[in-house]
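Here is the structure we will look at.
The values are calculated or read from the model by the stated rules, or taken from the named source; none is laboratory data. Because the structure is a prediction, the values reported are computed rather than measured. So basically every Cβ, Gly included, is an ideal-geometry build from the backbone, and we count neighbours across all protein chains shown. Accessible surface areas use protein heavy atoms only, side chains included; no ligands, DNA or RNA. Shrake-Rupley method; radii C 1.70, N 1.55, O 1.52, S 1.80 Å.
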Amino acid sequence: MRLRDKGNTVLVVEHKPELIDIADHVVVLGPGAGPAGGEVVFDGTVAGLRASATLTGRHLDDRVALKRWCARRVRASLRRGATTHNLQGVDVDAPLGVLVVVTGVAGSGKTLIQGLRPRWTGWWSTRAPSAARGAATPRPTPICRSTRKASAKANDVKASLFSANSEGACPACNGAGVIYTDLVMMAGVATPCEDCEGKRYQPEVLAYRLGGKDITEVLAMPVAEALAFATPARRRRPPPRRSWPAWPTWACDQPGAAAADAVGGRARRLGLASHLAEKGGIYVLTSRASGLHLADVEQLLGLLDRLVDGGKSVIVIEHHQAVMAHADWIIDLGPGAGHDGGRVSSGTPADPVARRSTLTGQHLAAYVGAVSSI
């Protein structure tokens, strides 16, 4: 707002309701994602957005009910006498088999969680996908592995033929689909490969069919269509549905979308969705709600519940109030940053709201308005 008041035009790509509320003008894209998007569905004031029938307008005032109790009271010792960085010899206990949220201002000591994995080795299998996992490579998303296996089985050939970075890759572009030209003093240029026309595969690989489609056509499907395609039918031989991992349709637009194209919320959705089908006793996740649309936060909470209902212990380092309110247990680091941090308070989400003695408690109280139980 200070930038605006100095005469600047400030354009922000954002989903947080606090920022949307102070906007002078709002532009909403949609109405959905991928093939269902690409249109300007609203262009006007915040008041007009609230009155609109857009997905953003309907979810702008969403609030998650606050949990006042924890379903499981069986606790485990997570850390004893932690002294890393600004941690002041803290002991941390938390229930198992529930959703635990670790929060606190930047620099408050959330590195506490980094010491969990060595301690738990041999007890539980821990997964810790980072926020940017999958965004460092132009290769497709993990769902492609299942697609390759299904294609190989349907055609009685090796699965490596359907890999764009193995035997089936176009030799001209090495399966990237583009040719990168380094212009030294200027930004590099990527041009579609003339040999494979951007398809990434050799011509003989594209001759193989899975349910009447070649590998590039299958990977280019929207996820919802791909899941329907995976349902067995008498007249074709598509892969069975179980050959795809549990992959929410909101995680990405296409099974074969290049992971390097994933930024912000999409990168985080890919990172989480790619781990749903893996085995693990305790999942440690970081900033899963960052970059998510308001409607997708509800999907994320349901997805975390699925992990917990499956017997997993889920620990999320998160600042989003909806995730904190939905947690069974909160570990709050602080009260400040640096020398003012490194201390721990824990309990149900209702505890910091009732005390309001920390920044987390104050802002969570403002979010929920009043304590309400589920």
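Tabulated data
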item	result
Scope the stretch 39-48; condition open to solvent by 80 Å² or more (accessible area, probe 1.4 Å) and of a type outside the set (A, V, I, L, M, F, W, C); matching residues	GLU39, ASP43
Tally, over the stretch 159-174, of residues that are under 14 Å from LEU206 (Cα atoms) and surrounded by fewer than 20 Cβ atoms within 10 Å (Cβ to Cβ)	3
Matching residues, the stretch 4-43, being on the phi > 0 side of the Ramachandran plot and more than 21 Å from the chain's Cα centre (by Cα)	GLY7, GLY38
Qualifying residue in the stretch 353-366 (condition: open to solvent by less than 50 Å² (accessible area, probe 1.4 Å), assigned to a loop (DSSP other than H, G, I, E, B) and more than 22 Å from ALA106 (Cα to Cα))	no
Residue identified as open to solvent by 40 Å² or more (accessible area, probe 1.4 Å), among the aliphatic types (A, V, I, L, M) and free of Cβ contacts under 8 Å to residues at least 12 places away in the same chain among ALA51, ALA33	ALA51
Yes/no for LEU210 being under 15 Å from the mean Cα position of the chain (by Cα) and either of a type outside the set (Ser, Thr, Tyr) or modelled with pLDDT under 70 (or both)	no
Among the residues listed as ALA366, ALA354, ALA337, the single one being out of contact with any strand residue (DSSP E or B) (no Cβ under 8 Å at 6 or more places or on another chain), small (Gly, Ala, Ser), without any contact (Cβ under 8 Å) to a residue 12 or more places away in the chain and more than 16 Å from ALA94 (Cα to Cα)	ALA366
Selection count, the stretch 160-181, where residues are assigned to a helix (DSSP H, G or I) and over 17 Å from LYS213 (Cβ atoms)	1
Within the stretch 178-197, considering residues that are open to solvent by less than 100 Å² (accessible area, probe 1.4 Å) and at pLDDT 90 or above, the one nearest to SER151 (Cα to Cα)	CYS196
